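**Q** Before I ask anything, here is the structure I am working with.
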Amino acid sequence: MKIKFWGVRGSIPCPGLHTVKYGGNTACVELRFKDLDRIIIIDAGSGIRELGNYMLAHDLSKGPIKTEIFLTHTHWDHIMGFPFFSPIYIPGIKLKIYGPVNYEDETLEDILGGQLTYRYFPVRQAELVSEIKYIELKEDSFDFGNGIRLTTKYLNHPVLSLGYRFEHCGKIFCTVYDTEPFHNVFCTDIKNPSYDESIALEGEQVAKEENRRVEDFFADADLVIHDTQYTQKEYESSKMGWGHSSFEHAISAALRAKVKRLALFHHDPLRTDSQIDELSEKYCRKKYPNNLEVFFAREGMQIDL
């Protein structure tokens, strides 16, 4: 498997002089398989625009492009690049778009294609000439063809969000974003009139179990891309419930799960290159147990598994 980062930021694109090194585009990851004619894209953030241009320049000459886009969830920073993904305007190109089942009234097609209306964009979804098929996913594990095993896992975010685990030829690649640790949602203050000991204990057990299930999901992976928008101090001060993790949490979870390589991802849009360099010195220069390699994802970075 070959992984390439086309967008690594969270929340909103942040191009500028202070984000050149790590990149300012929002989430988009490309996954290719050796000797297989399959291109998988994870998320359609603003980074997908450059990926689409690359595909037209390097893949279209080999024949009609067939690609599969997996959306972790439908927050705007993860779908905003779709109208600028040039393959959707080319006849003969076939796309399958996968994403979590939405329990509201709108389908995955309604949400993603809803950007392509005249109130937002000069081209309507009905005018696209590529062939697009939408497939809604739940938690599952199945044979995805060509010797690829795909497992999906619900994560902890304010909207339904899926992690993806791809297994092929003995290698494992996982995405774990957008997400934060599960917490006990019941009152734990014994002085509070609403406190109920049995409910509080049950809530604690459920949170612990859900966190264990997430770690089981990416256990023994060769590469995990994990949400790490905040430091633990930032997270605890004002970011709990926003659906994003800390560096400390991701590294601890990766160590427990015996992950080989951990890519820190979904960088805060306020974080400058120099600040990420400082964080890299703090979190990535350490010698971790099990030889865990920790690094910050960067636009243009390629990893071979």
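**Q** Look at segment 219-256 and say how many of its residues are surrounded by 14 or more Cβ atoms within 10 Å (Cβ to Cβ), in a loop (DSSP other than H, G, I, E, B), in contact with a strand residue (DSSP E or B) (Cβ under 8 Å, 6 or more places away or on another chain) and without any contact (Cβ under 8 Å) to a residue 60 or more places away in the chain.
**A** Result for segment 219-256: 3.
**Q** Which condition does His249 not pass, out of (1) closer than 24 Å to His183 by Cβ; (2) modelled with pLDDT under 95, if it passes all the others?
**A** (2)
**Q** Would you be able to tell me the number of residues in segment 152-170 that are farther than 13 Å from Asp140 by Cα, surrounded by fewer than 21 Cβ atoms within 10 Å (Cβ to Cβ) and in contact with an Asp or Glu (Cβ under 6 Å, 6 or more places away or on another chain)?
**A** Counting residues in segment 152-170 that are farther than 13 Å from Asp140 by Cα, surrounded by fewer than 21 Cβ atoms within 10 Å (Cβ to Cβ) and in contact with an Asp or Glu (Cβ under 6 Å, 6 or more places away or on another chain) gives 2.
**Q** I need every pair where a residue in segment 31-60 that is in a helix (DSSP H, G or I) has its Cβ under 6 Å from the Cβ of a residue that is among the charged types (D, E, K, R) and crowded, with 19+ Cβ neighbours inside 10 Å, sequence separation at least 6 or different chains.
**A** These pairs meet every condition: Leu51/Glu30.
**Q** Find the residue count for segment 1-46, including only residues that are among the β-branched types (Val, Ile, Thr), touching a Pro at 6+ places or on another chain (Cβ under 7 Å) and surrounded by 15 or more Cβ atoms within 10 Å (Cβ to Cβ).
**A** Within segment 1-46, residues that are among the β-branched types (Val, Ile, Thr), touching a Pro at 6+ places or on another chain (Cβ under 7 Å) and surrounded by 15 or more Cβ atoms within 10 Å (Cβ to Cβ) number 1.
**Q** Can Lys286 be described as assigned to a loop (DSSP other than H, G, I, E, B) and touching a helix residue (DSSP H, G or I) at 6+ places or on another chain (Cβ under 7 Å)?
**A** Here the answer is no, as Lys286 does not meet what is asked.
**Q** For segment 260-276, how many residues are outside any loop (DSSP other than H, G, I, E, B) and either within 14 Å of Ser245 (Cβ to Cβ) or touching a residue at least 24 places away in the same chain (Cβ under 8 Å) (or both)? Don't jump to the end; show me each part of the working.
**A** Taking segment 260-276 first, the residues outside any loop (DSSP other than H, G, I, E, B) are 261-265, 267, 273-276.
Keeping just the survivors that are either within 14 Å of Ser245 (Cβ to Cβ) or touching a residue at least 24 places away in the same chain (Cβ under 8 Å) (or both) gives 261-265, 267, 273-274, 276.
Count: 9.
**Q** Separate question: Among the residues of segment 183-212, which ones are surrounded by 10 or more Cβ atoms within 10 Å (Cβ to Cβ), of a type in the set (Gly, Ala, Ser) and farther than 24 Å from Trp242 by Cα?
**A** none
**Q** Would you mind stating whether Asp178 is among the charged types (D, E, K, R) and surrounded by fewer than 20 Cβ atoms within 10 Å (Cβ to Cβ)? Quick ask: steps written out before the conclusion?
**A** On the way: among the charged types (D, E, K, R): yes; surrounded by fewer than 20 Cβ atoms within 10 Å (Cβ to Cβ): no.
Answer is no for this residue.
**Q** May I ask you to say which residue of Leu116, Leu71 is touching a strand residue (DSSP E or B) at 6+ places or on another chain (Cβ under 6 Å) and either in contact (Cβ under 8 Å) with a residue 24 or more places away in the chain or closer than 20 Å to Ala27 by Cβ (or both)?
**A** Exactly one of Leu116, Leu71 is touching a strand residue (DSSP E or B) at 6+ places or on another chain (Cβ under 6 Å) and either in contact (Cβ under 8 Å) with a residue 24 or more places away in the chain or closer than 20 Å to Ala27 by Cβ (or both), namely Leu71.
**Q** Please determine whether any residue of segment 214-229 is within 21 Å of Cys28 (Cβ to Cβ) and among the acidic types (Asp, Glu). Break it down stepwise before answering.
**A** The first filter runs over segment 214-229 and keeps only residues within 21 Å of Cys28 (Cβ to Cβ), leaving 218, 221-229.
Narrowing further to those that are among the acidic types (Asp, Glu): 222, 227.
Within segment 214-229 (the criterion being within 21 Å of Cys28 (Cβ to Cβ) and among the acidic types (Asp, Glu)), the answer is yes, since at least one residue qualifies.
**Q** Being surrounded by fewer than 16 Cβ atoms within 10 Å (Cβ to Cβ), of a type in the set (Phe, Trp, Tyr), under 21 Å from the mean Cα position of the chain (by Cα) and within 30 Å of Ser141 (Cα to Cα) is the requirement here; does Phe265 meet it?
**A** On the way: surrounded by fewer than 16 Cβ atoms within 10 Å (Cβ to Cβ): no; of a type in the set (Phe, Trp, Tyr): yes; under 21 Å from the mean Cα position of the chain (by Cα): yes; within 30 Å of Ser141 (Cα to Cα): yes.
No, not satisfied.
The values are calculated or read from the model by the stated rules, or taken from the named source; none is laboratory data. A quick note: this is a predicted structure, and the numbers were derived from the prediction, not measured. Quick reminder, even Gly has a Cβ in these numbers, built from the backbone with ideal geometry, and neighbours come from all protein chains shown.
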